[in-house]
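Worksheet: one structure, shown below.
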């Protein structure tokens, strides 16, 4: 067999092989990344991040995982206790209804606000929107996938 | 020294979480995954270069080591810049883009250099050199965008401004564009000329991400019924119809089937991601099929494309020539290909496919690398799309999620359209194969897309600012009503 031709043939296949080694390593990294994401505890519906809280209860930066029905207020029986002098005992409730989040004000004294305007009855709230209860401001975030 | 002598610590000040985080001290962060992948990319390109030299000259040496080393140095510089910047961005996108660009460089070195010549600073430079300049510029753009862009509010806030700029660009092309091969695609301003549709696709994704994330809940309401389909409120269907009209307008005025297909495909995909409603996609597809039939009946060149697609062998030396030659190239390649530099037999001293560097790079690669090589290249595009979807899934709010998904899909759908065109799965259209086709606009726009994806993938980035724009407008309206 012709020596140089054989070498050339091997170089040709070597290039293709290296392409697949690259793909293999990439796919391995991707799978590892996906497995790590699957191991993390995921909140399936959404998260509520505390943006600002003058009385530090809940503390700013705290993240709440949301259930399909999450109540907010000063009373200790709420899912998220907002210990703020301007919050009512049963202030507002966040509900997930099939395709998105809704916020309902439960007749609070000082009202609930989405992006700065008051909630009359039930309002939609999207991911990235801000919810204000008393002086505490939350941001609704997508669940980490 | 006693504890009393210690300077008094300043009282802790409340941290304003909503304020944009200022640039802290920049700590370099090594990116091992990226380093390893880039080393494999370098090894693959070096072996590819030897293979190319063997195919073209018969000598086992690096083919044009200067060009290749400039490219590898650019990749290394980009990598080091990312390491020094220390952002926790994705480590897979840059190597994948680097490998695609390297394959492009090998292909351009292999093609006749006089396909494209430019005169720069008194020197005449050929195809590979020009492409090298674009690729290096692309890596620079990706790195700068991926490192510098920390906030997305400039995209989110001015979405209608971006949309207006896009429409303006489109109109400029309609009016001042020059026609190449019967398609009005190229816009020349002074010494610069480019294809605006490549940049339009980025603007389109930004606008759609902003629009859809803002009106997501409204689009998901179902209060209009047409037969078995449940539709969102009629006013919110307007942008869908507008998109359809724009896509048709691009076909009518620019004769650019590829861009129309790409824009509409991206639109439907993003609509589905935002609303998860199949009925909207079905309506979109019905509109698209109706539009296509209308176009095919009205315009000769559209009908010609369809005829070529259905039977390229009806006129193998005339209108079907390129498609037939492309299919022959794939057939010659077989499973493992004929080897870099061995393909594309000359016909009368010309390469068989005239537009091989822009429209048919996949056919050339299919001949020289075979089915195995083409599948690897398509796999690279799949990896790009997967990373984009992953970045979107991890995003904190809808705008970033839709933006990441849209940016990834724009590359994926474009690669699919032209690959399918080469393989006679779809009618052939004149879009470029991202990162592989020759062309400055295409490489720069796609590099920008990857750069934005990198910026969006940062895990330690500041939280998005509260959407105040909407409420300001509402407040103005309310004040007016009160």
Report summary line: Restricting attention to the stretch A:116-134, the residues that are part of a loop (DSSP other than H, G, I, E, B), buried (at least 20 other Cβ atoms within 10 Å of the Cβ) and within 10 Å of chain B (Cβ to nearest Cβ) number exactly 4
Requested in this report: Kindly indicate which of A:32, A:25 is more than 8 Å from chain B (Cβ to nearest Cβ) and not in a loop (DSSP other than H, G, I, E, B).
Outcome: A:32
Query - Checklist (1) at the interface with another protein chain (Cβ under 10 Å from one of its Cβ atoms); (2) buried (at least 18 other Cβ atoms within 10 Å of the Cβ); (3) over 28 Å from residue B:449 (Cβ atoms) applied to residue B:386, failing item - result: (3)
Query - Flag for residue B:359 being more than 11 Å from chain A (Cβ to nearest Cβ) and modelled with pLDDT under 90 - result: yes
Query raised in the report: If residue A:49 satisfies every condition in (1) closer than 30 Å to residue B:337 by Cα; (2) not in a helix (DSSP H, G or I) but one, which is the exception?
Result: (1)
Query raised in the report: Just a yes or no: is a residue in the stretch A:93-111 facing another protein chain (nearest Cβ under 8 Å) and part of a strand (DSSP E or B)?
Result: no
Query raised in the report: Quick one: would you say residue A:90 is surrounded by 15 or more Cβ atoms within 10 Å (Cβ to Cβ), part of a loop (DSSP other than H, G, I, E, B), more than 13 Å from chain B (Cβ to nearest Cβ) and at pLDDT 90 or above?
Result: yes
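Sort out for me the helices (runs of 4 or more DSSP H) sitting completely within the stretch B:363-482 that have 2 or more residues that are at pLDDT 90 or above. Can you show your working first?
Numbers: elements: B:398-422, B:440-456, B:468-481.
Output list reads B:398-422, B:440-456.
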Query raised in the report: What is the residue count in the stretch B:113-142 for residues that are touching a helix residue (DSSP H, G or I) at 6+ places or on another chain (Cβ under 6 Å) and buried (at least 17 other Cβ atoms within 10 Å of the Cβ)?
Result: 14
Query raised in the report: Can you name the residue in the stretch B:56-84 that is loosely packed, with under 13 Cβ neighbours inside 10 Å and in a loop (DSSP other than H, G, I, E, B) and, of all such residues, is nearest to the other protein chains (Cβ to nearest Cβ)?
Result: B:58
**Report entry** Which numbered condition residue A:137 misses (of (1) at the interface with chain B (Cβ under 8 Å from one of its Cβ atoms); (2) part of a strand (DSSP E or B); (3) surrounded by fewer than 21 Cβ atoms within 10 Å (Cβ to Cβ))
**Finding:** (3)
Query raised in the report: Looking at the stretch A:36-49, is at least one residue farther than 25 Å from residue B:388 by Cα, surrounded by 15 or more Cβ atoms within 10 Å (Cβ to Cβ) and under 21 Å from the mean Cα position of the chain (by Cα)?
Result: no
Query raised in the report: When residues of the stretch B:277-323 are filtered for being within 14 Å of chain A (Cβ to nearest Cβ) and surrounded by 12 or more Cβ atoms within 10 Å (Cβ to Cβ), how many remain?
Result: 3
Query raised in the report: Within the stretch B:99-112, is even one residue within 27 Å of the chain's Cα centre (by Cα), modelled with pLDDT under 90, surrounded by fewer than 16 Cβ atoms within 10 Å (Cβ to Cβ) and under 21 Å from residue B:369 (Cα atoms)?
Result: yes
Query raised in the report: Does residue A:17 satisfy the criteria of being in a helix (DSSP H, G or I) and under 15 Å from residue B:373 (Cα atoms)?
Result: yes
Requested in this report: Report yes if some residue within the stretch A:38-56 is within 10 Å of another protein chain (Cβ to nearest Cβ), touching a strand residue (DSSP E or B) at 6+ places or on another chain (Cβ under 6 Å), over 30 Å from residue B:38 (Cβ atoms) and free of Cβ contacts under 8 Å to residues at least 12 places away in the same chain; otherwise report no.
Outcome: no
**Report entry** Within the stretch B:149-166, considering residues that are touching a helix residue (DSSP H, G or I) at 6+ places or on another chain (Cβ under 8 Å) and touching a residue at least 60 places away in the same chain (Cβ under 8 Å), the one surrounded by the fewest Cβ atoms within 10 Å (Cβ to Cβ)
**Finding:** B:150
**Report entry** Selection count, the stretch B:230-272, where residues are within 14 Å of chain A (Cβ to nearest Cβ) and surrounded by fewer than 20 Cβ atoms within 10 Å (Cβ to Cβ)
**Finding:** 4
Query - Conditions (1) closer than 30 Å to residue B:91 by Cα; (2) within 12 Å of another protein chain (Cβ to nearest Cβ); (3) without any contact (Cβ under 8 Å) to a residue 12 or more places away in the chain; number of the one not met by residue A:59 - result: (1)
Query raised in the report: Given the structure, is residue B:88 under 30 Å from residue B:352 (Cβ atoms) and within 14 Å of another protein chain (Cβ to nearest Cβ)?
Result: no
Query - Complete set of residues in the stretch B:412-449 that are buried (at least 24 other Cβ atoms within 10 Å of the Cβ) and without any contact (Cβ under 8 Å) to a residue 40 or more places away in the chain - result: B:415
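The values are calculated or read from the model by the stated rules, or taken from the named source; none is laboratory data. Bear in mind that the values here come from a model prediction, so they are computed numbers and not experimental data. Methodologically, a virtual Cβ is constructed for each residue, glycine included, from the backbone with ideal geometry; neighbour enumeration extends over all protein chains shown.
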